[in-house]
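Undergrad: Have a look at the structure that comes next, please.
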Amino acid sequence: MAFNRRQFLTLGGVGLAGALSFQAWRSLSNAPVSPQVSGATVVRSDRGLLEVALNAQYGSFSLDGDPAQTFMTYNGQLPGPRLEVNPGDRLIIHFTNTLDQSTNLHFHGLHLAPTGNQDNIFREVKPGASVTYELPIHPQQRPGTYWYHPHWHGVVAEQLFRGLAGLIVVRGELDQIPAIAAAQEEFLVLQDFPRGANVPRSGGPGMGMAMDQNFMAGRQGELITLNGLPQPTIDITQDWLRLRLLNASPSRFYRLQIPDISWQQIATDGGALAQPKVLGELLLTPGQRAEVLIPTDQWPDRQSLPLENLPYARAQMGMMGGQFSEPPTAIAHFRKRLGTENPASPSITLPDRLSTLEKLENPVVTRRFTLNHGMAPGRGMAFLINGESYAGTPQTTVTLGDVEDWELINTGTMDHPFHVHVNGFQVVSRNGEPETDLAWRDTVLVRVGETVRIRIRFDDFPGTTVYHCHILDHEDLGMMGQLWIQPPST
Ligand code: C2O
Ligand code: CU
Ligand code: CU
């Protein structure tokens, strides 16, 4: 792994608040691990099984010379351990909550049952409690970049803003394409945290929020980190770089570029695109993932290139004060390092076709969901879907096996990334313009004034789950609906 010396020194003194009892399952430890350029501790399935212990616990880190702040971590790590599985594997997670508030786990993007001890976000894990999640990774699960995070309604934004998130990688088709397999693979988990006067001090859980944070717009922190590090330097030793990005921030959008370098996007939320797509910049809303492939063979040796985050206005003027006046900032650097130990690899080319994607056809129903905020009866200001705030009872009932079109209409003054659990979807059109790329997604941006039509099929799993805005303050403030997937009547 490639450490930038300055970060190494800064992180040398990292401690962990509270040593906690821990049962070791396969190779995963919850000893404190400093954030590192190469990302989290990795555990992989073996002969079809990955069994791990995850502990939601406080941990104290000092980032970027700031005073130590208390984060919420999985196993003392920021971000949490990366779990790697294959379709058809079993993933068993022994989960313990040592925080002083309720939490639970959601497996964002995975096709799992929303019930029992699978992807059941209605299951509360109280402080001090332990539960087991038993996840049969579906044999047809699309390989890709997925993630886990808390989903206990009302505290989701806070718990992600304090650090709770980790990757789940399903290996498969893209990993077997030679040009991609030969690339240097880097996982980048993007998070933002408060700093300075807004930082909760170590030694206690703290409130986690300063008074000036804007809950309505969705909280943002000034300190952007990749794999828990502010402005890491990533050494590139191969001729292709494969970046696998996750936006794990509760509200912040990332609009990323390497100036003058074009990227080929090869995957979205739901795995491989049918064909690579050339991009100059990449917009990643909260919850979304993307994979890009970048040729680096022409990069000058030892010169560093910035990964920049560009400003993006996700609400109309006036809603968020000065938050959009930020200049482009370098959030990481890439530095090419070719030496005798890393001879340039022979040139390899990316195929035109990456994957075969099934196109969903013939919806039996078209539904409409308007997204806005306003007054909810008895609750004051709330974020609403079809005029309703989250009710805790089914707000939409669909039938297992059906294909439906959902028209997502943003009638408000803020952008909303719309997310559905359990089943992925395809974007059919935006403002009536047919979508040209065929891709599986689970989170789609619906901009102010926009109408986005998505197509979804409810496969395999009956039960109750949710759809919501992935600006997690909006979700906590009601922009979520319950979805009941009922078995077909016989
Ligand atoms: Cu990543 Cu319901 O969320
Ligand atoms: Cu989700
Ligand atoms: Cu929203």
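Undergrad: Within region 388-404, is there a residue that is at positive phi and modelled with pLDDT of 95 or more? Write out each step before concluding.
TA: Start the filter on region 388-404 by keeping residues that are at positive phi, which leaves 392, 401.
Okay, now just the ones that are also modelled with pLDDT of 95 or more, so 401.
Yes, some residue in region 388-404 is at positive phi and modelled with pLDDT of 95 or more.
Undergrad: Out of (1) open to solvent by less than 30 Å² (accessible area, probe 1.4 Å); (2) over 18 Å from the mean Cα position of the chain (by Cα); (3) within 16 Å of ligand 1 (Cβ to nearest atom), what's the single condition that is false for N104?
TA: (2)
Undergrad: Please work out which residue is farthest from I456 (Cα to Cα), limiting yourself to region 373-406 and to residues that are in contact with a Phe, Trp or Tyr (Cβ under 8 Å, 6 or more places away or on another chain) and polar (S, T, N, Q).
TA: Per the criteria, the residue is S389.
Undergrad: Which of the residues that make up region 33-62 are surrounded by 23 or more Cβ atoms within 10 Å (Cβ to Cβ), farther than 19 Å from I331 by Cβ and small (G, A, S)?
TA: A56, G59
Undergrad: Here's a follow-up. Are any residues in region 63-88 assigned to a loop (DSSP other than H, G, I, E, B) and open to solvent by 10 Å² or more (accessible area, probe 1.4 Å), and if so, which ones? Talk me through it step by step, then tell me what you get.
TA: Keep residues of region 63-88 that are assigned to a loop (DSSP other than H, G, I, E, B), which gives 63-68, 75-76, 78-81, 86-88.
Within region 63-88, D64, G65, D66, P67, A68, N86, P87, G88 meet the criteria.
Undergrad: Sort out which residues of region 418-444 are part of a strand (DSSP E or B), away from ligand 3 (no atom under 16 Å from the Cβ), crowded, with 16+ Cβ neighbours inside 10 Å and not basic (K, R), and write them in order of number. Give the derivation first.
TA: We begin by selecting, within region 418-444, every residue part of a strand (DSSP E or B); these are 418-420, 425-430, 433-434, 441, 443-444.
The next check asks that each one be away from ligand 3 (no atom under 16 Å from the Cβ); those that pass are 425-430, 433-434, 441.
Okay, now just the ones that are also crowded, with 16+ Cβ neighbours inside 10 Å, so 425-428, 430, 441.
The answer is F425, Q426, V427, V428.
Undergrad: Looking at region 407-417, which of the residues that are farther than 24 Å from P143 by Cβ and within 16 Å of ligand 1 (Cβ to nearest atom) is surrounded by the most Cβ atoms within 10 Å (Cβ to Cβ)?
TA: Restricting attention to region 407-417, the residues satisfying the condition of being farther than 24 Å from P143 by Cβ are 407-416.
Checking the rest, the ones that are also within 16 Å of ligand 1 (Cβ to nearest atom) come to 408, 416.
Numbers: L408: 23, H416: 29.
Out of the qualifying residues, it is H416.
Undergrad: Give me the pairs, please: first residue somewhere in region 72-94 and among the acidic types (D, E), second residue anywhere and surrounded by fewer than 18 Cβ atoms within 10 Å (Cβ to Cβ), beta-carbon distance under 6 Å, and either six or more positions apart or on two chains.
TA: E84/R44; D89/G48
Undergrad: Tell me, which strands (runs of 3 or more DSSP E) lie completely within region 246-316 with 2 or more residues that are more than 28 Å from Q141 (Cα to Cα) and open to solvent by less than 30 Å² (accessible area, probe 1.4 Å)?
TA: Numbers: elements: 254-257, 263-268, 271-279, 282-284, 289-295, 304-309.
Those strands (runs of 3 or more DSSP E) span 304-309.
Listed here are the residues, each with its yes/no results for (1) touching a residue at least 60 places away in the same chain (Cβ under 8 Å); (2) near ligand 3 (Cβ under 10 Å from one of its atoms); (3) hydrophobic (A, V, I, L, M, F, W, C).
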site: V446; (1), (2), (3): yes, yes, yes
site: E450; (1), (2), (3): no, no, no
site: F458; (1), (2), (3): yes, no, yes
site: G463; (1), (2), (3): yes, no, no
site: Y467; (1), (2), (3): yes, no, no
site: I471; (1), (2), (3): yes, yes, yes
site: M479; (1), (2), (3): yes, yes, yes
site: Q482; (1), (2), (3): yes, no, no
site: I485; (1), (2), (3): yes, no, yes
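Undergrad: If you go through region 213-245, how many residues are among the polar types (S, T, N, Q), open to solvent by less than 10 Å² (accessible area, probe 1.4 Å) and in a loop (DSSP other than H, G, I, E, B)?
TA: First pass over region 213-245, keeping only residues among the polar types (S, T, N, Q): 213-214, 220, 225, 227, 231, 233, 237-238.
This time we only want the ones that are open to solvent by less than 10 Å² (accessible area, probe 1.4 Å), so: 225, 227.
If we keep only those that are in a loop (DSSP other than H, G, I, E, B) as well, we get 227.
The number of residues fulfilling the criteria is 1.
Undergrad: Let me ask something additional. Would you say G109 is on the phi > 0 side of the Ramachandran plot and either open to solvent by 50 Å² or more (accessible area, probe 1.4 Å) or of a type in the set (D, E) (or both)?
TA: Criteria not met by G109.
Undergrad: Could you check F107 against (1) assigned to a loop (DSSP other than H, G, I, E, B); (2) within 13 Å of ligand 2 (Cβ to nearest atom) and say which number it fails?
TA: Looking at each condition in turn, F107 falls short on (1).
Undergrad: Quick one: is Q482 part of a strand (DSSP E or B) and away from ligand 1 (no atom under 16 Å from the Cβ)?
TA: Working: part of a strand (DSSP E or B): yes; away from ligand 1 (no atom under 16 Å from the Cβ): no.
No; evaluated as a whole, the condition is false for this residue.
Undergrad: G18 fails exactly one of the following numbered conditions: (1) modelled with pLDDT under 55; (2) within 29 Å of V420 (Cα to Cα). What is the number of that condition?
TA: (2) is the only condition that G18 fails.
Undergrad: Do we find that T464 is within 16 Å of ligand 2 (Cβ to nearest atom) and either among the aromatic types (F, W, Y) or open to solvent by 20 Å² or more (accessible area, probe 1.4 Å) (or both) in this structure?
TA: Yes.
Undergrad: Follow-up. Suppose the filter is out of contact with any helix residue (DSSP H, G or I) (no Cβ under 9 Å at 6 or more places or on another chain) and closer than 24 Å to W147 by Cβ; does V365 pass it? Before the answer, list the steps.
TA: Numbers: out of contact with any helix residue (DSSP H, G or I) (no Cβ under 9 Å at 6 or more places or on another chain): yes; closer than 24 Å to W147 by Cβ: no.
No: the conditions fail for V365.
Undergrad: I need the full set of residues from region 407-436 which are farther than 19 Å from G154 by Cα and either within 22 Å of the chain's Cα centre (by Cα) or within 16 Å of ligand 2 (Cβ to nearest atom) (or both), in order please.
TA: Taking region 407-436 and keeping what is farther than 19 Å from G154 by Cα, we get 407-415, 422-436.
Hits for region 407-436 are L408, M414, D415, V422, N423, G424, F425, Q426, V427.
Undergrad: Still on this structure, I have one more. Pull up region 376-399, narrow it to residues that are surrounded by 12 or more Cβ atoms within 10 Å (Cβ to Cβ) and more than 16 Å from ligand 3 (Cβ to nearest atom), then point me to the one that is nearest to T464 (Cα to Cα).
TA: The qualifying residue nearest to T464 (Cα to Cα) is P394.
Undergrad: Of the conditions (1) more than 21 Å from the chain's Cα centre (by Cα); (2) farther than 18 Å from T98 by Cα; (3) open to solvent by 50 Å² or more (accessible area, probe 1.4 Å), F122 satisfies every one except a single condition; which number is it?
TA: Status for F122: all satisfied but (1).
The values are calculated or read from the model by the stated rules, or taken from the named source; none is laboratory data. What you are looking at is a predicted structure, and each value in this text was computed from that prediction instead of being measured. Because the Cβ atoms are built from the backbone with ideal geometry, glycine has one as well, and the counts that use them run over all protein chains shown. Note: areas computed on protein heavy atoms with side chains; ligands, DNA, RNA excluded. Shrake-Rupley method; radii C 1.70, N 1.55, O 1.52, S 1.80 Å.
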